[in-house]
Amino acid sequence: MLVYMRFLLLLCCLTLVSECRKHHSRKKRWSTPVDTHKQGSPLTKKPADGTKTRKVKTDQLLRVEDHDFTMRPAFAGPAVPVGVDVQVESLDSISEVDMDFTMTLYLRHYWKDERLAFPSSTNKSMTFDGRLVKKIWVPDVFFVHSKRSFIHDTTTDNIMLRVFPDGHVLYSLRVTVTAACNMDFSRFPLDSQTCTLELESYAYTDEDLMLYWKSGDESLSTDDRISLSQFLIQKFHTSSRLAFYSSTGWYNRLYINFTLRRHIFFFLLQTYFPATLMVMLSWVSFWIDRRAVPARVSLGITTVLTMSTIITGVNASMPRVSYIKAVDIYLWVSFVFVFLSVLEYAAVNYLTTLRDGKDRKLRDKAREQGLPCTCGMTHGRTMTLDGSFSEAEANSLAGYTREPVAPDEPPEKTQERVVVHLALDTESGATKKKGLRGFRIIQNTHAIDTYSRMIFPGAYIFFNLIYWSVYC
């Protein structure tokens, strides 16, 4: 029994020793590098590249833990130069109501931080994502007059950090910003607008951080496919200057300026052509008979209401500015022409009614005297008198015809009949001499419509010539 126990113990020891040897051999195989070289070539050892060593972490390679990155590079020394360049990806929208614009761009910063220098013999740089940005110092650039802005995060944060062996850093991010734009609508819609996107350091004055365009005007690049529905992009350009705040000091500020010219064709179709057609439609009433009251009144009211709708629609899409715009001048002048055509018919209808009333009174007087009255006839069909009456007296009898005299009637009765004719028209003759004779055109309602057919189109054409020569 004792021999059997010793045999089992020896067998266990041998098994344990065998397993230990296998484990030691496997560990040696994985930990020892295998050097391969061509036959006949000398065996040389390559220098280790710190950027390709798997055991070295990023924090250790860049010595992030060895420095205080809450302070800027060269703290207490000269200002850190930070170059900036921008690539405009898209100009998304221009809002006249809110007076702002939305732009998507790539914002890139260039500076040197010797604390991030690392040894490397082959790789020129190392590229990281946004996770390293929170551990090192980066410029605190912000957009002045920005209303909203955000960094794109699909599928990850669109942030790129590239560190070069000598400590130079490239920091790039894709951002969409909505910024204010002071617009002048005095020439709307025949206007051009210049908007500006401003970049500035939030905390560091010009004594600590110097912002500048890295390549001058070439620092700003745009996509040739950028287009807007209402505007034509004329040009982009850059500028820079110092900005002063009374409580903090002077700051470097960079400007991205772009000029937009509005497309006029949309407004020609939606505003100018309809307004012009409404004015021309109001002139149709001049060719309609003055006694067709329903036709002329309905036409005038329709054109007035249509012009009011056009004016309301244009102002609804515009900010409530306190000055007059170019489109307001055109629409309100057109509205005045439409309104004057309604007033013209009101005057024609009033004078027609007034003249009919006078003719009615004259007919009543003629019936009382037993005389045939031809009131309402033109002044050319006046009665013919003999040489005993002057031409002025004959004109005072306009609208009357001489009643034929019986051959057996005494001459004294004939003379009395003529004297009665003159007495009946004394009041109308005196009135004509005082006022109405100087306004024969006003008396003749047909003449008002006739002259309106020429005056209204001529005046509106003259207005259009002046308007388009001034604003175009």
Worksheet entry | Accessible area of region 204-299 belonging to carbon and sulfur atoms, whole % at 1.4 Å probe | 57
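Hey, can you find the accessible area per residue of region 275-334 for me, probe 1.4 Å, expressed in square angstrom? Let's see the in-between values first.
Numbers: 3090 Å² over 60 residues.
I get 51 Å² per residue for region 275-334.
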Practice prompt. Would you kindly derive the ³J(HN,Hα) couplings of region 107-120 from the backbone phi angles with the Karplus curve 6.51 cos²θ - 1.76 cosθ + 1.60 (θ = phi - 60°), listing them in order in whole Hz, with x for Gly and Pro?
Written response: 9, 10, 10, 10, 7, 10, 10, 5, 5, 9, 5, 9, x, 7
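For region 280-356, state which chymotrypsin sites (Phe, Trp or Tyr not before Pro) are in a DSSP loop and have at most 11 other beta carbons lying within 10 Å of their beta carbon. Before the final figure, lay out each step's value.
Numbers: sites: TRP283, PHE286, TRP287, TYR323, TYR330, TRP332, PHE335, PHE337, PHE339, TYR345, TYR350; in loops: TYR323.
Passing both the DSSP loop test and the Cβ count: TYR323.
Which pairs, out of LYS124/LYS214; LYS135/LYS214; LYS147/LYS325; LYS214/LYS325; LYS124/LYS147, put more than 32 Å between their alpha-carbon atoms?
Numbers: LYS124/LYS214 21 Å; LYS135/LYS214 25 Å; LYS147/LYS325 26 Å; LYS214/LYS325 41 Å; LYS124/LYS147 39 Å.
Cα-Cα > 32 Å for LYS214/LYS325; LYS124/LYS147; rest within.
What trypsin sites (Lys or Arg not before Pro) does region 103-140 have in DSSP loop regions with at most 15 other beta carbons within 10 Å? List each step's numbers first, then the result.
On the way: sites: ARG108, LYS112, ARG115, LYS124, ARG131, LYS134, LYS135; in loops: LYS124, ARG131.
Loop-located and lightly packed - LYS124, ARG131.
Magnitude of the Cβ-charge dipole of region 207-269, K/R +1 and D/E -1, about the Cα centre, nearest 20 debye?
For this selection, approximately 320 debye.
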Worksheet item: Under 5 Å between amide H atoms, partner at least 5 residues away or on a different chain: which partners does HIS168 have, H built in plane at 1.01 Å?
Response: ASP113
Worksheet item: Mind listing the phi-derived Karplus ³J(HN,Hα) values for region 456-468, rounded to whole Hz, using 6.51, -1.76 and 1.60 with θ = phi - 60°, and x for any glycine or proline?
Response: 4, x, x, 5, 5, 5, 5, 4, 5, 4, 5, 4, 6
Worksheet item: Which of the trypsin sites (Lys or Arg not before Pro) across region 256-359 are loop residues per DSSP, with 14 or fewer other Cβ within 10 Å?
Response: ARG291, ARG320
Practice prompt. Please list the non-local residues whose amide H lies under 5 Å from the amide H of GLY130, H modeled 1.01 Å from N, same-chain partners needing a gap of 5 or more.
Written response: ILE159
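Stokes-Einstein diffusion coefficient for region 170-215 at 25 °C in a medium of 0.890 mPa s, Rh from the Kirkwood formula over Cα pairs: what value in µm²/s?
Values: Rh = 14.4 Å.
So the translational diffusion coefficient is about 171 µm²/s.
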Item to complete: Name the long-range amide H neighbours of ASP100: under 5 Å, sequence gap of 5 or more, or other chain; modelled H, no Pro or chain starts.
Response: SER95, CYS181
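Dipole magnitude of region 157-213 about its Cα centre, charges +1 at Lys/Arg Cβ and -1 at Asp/Glu Cβ only, in debye to the nearest 20?
Dipole size: approximately 340 debye.
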Worksheet, complete the sentence: Expected vector for region 229-242, Karplus 3J(HN,Hα) from phi with 6.51, -1.76, 1.60 and θ = phi - 60°, integer Hz, x for Gly and Pro, equals 6, 9, 10, 10, 6, 8, 6, 10, 7, 10, 7, 8, 6, 8
Worksheet item: Residue separation times 0.36 nm, minus the C-alpha to C-alpha distance between ARG360 and GLU65: what's the value?
Response: 95.1 nm
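First measure r as the distance between the Cβ atoms of SER298 and PHE462, then evaluate 1/(1 + (r/R0)^6) with R0 = 30 Å and state the FRET efficiency to the nearest 0.05. Don't skip to the end; give the middle numbers.
Values: r = 29 Å, r/R0 = 0.96.
Working from the Cβ atoms, E equals 0.55.
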Worksheet item: Averaged per residue, what accessible surface does region 151-213 expose to a 1.4 Å probe, in Å²?
Response: 42
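The values are calculated or read from the model by the stated rules, or taken from the named source; none is laboratory data. All figures in this text were calculated on a predicted structure; none of them were measured in a lab. Note that each Cβ is placed from the backbone with ideal geometry, even for glycine, and that neighbours are counted across all protein chains shown. Remember, those area values only see protein heavy atoms, side chains included, never the ligands or the DNA or RNA. Shrake-Rupley method; radii C 1.70, N 1.55, O 1.52, S 1.80 Å.
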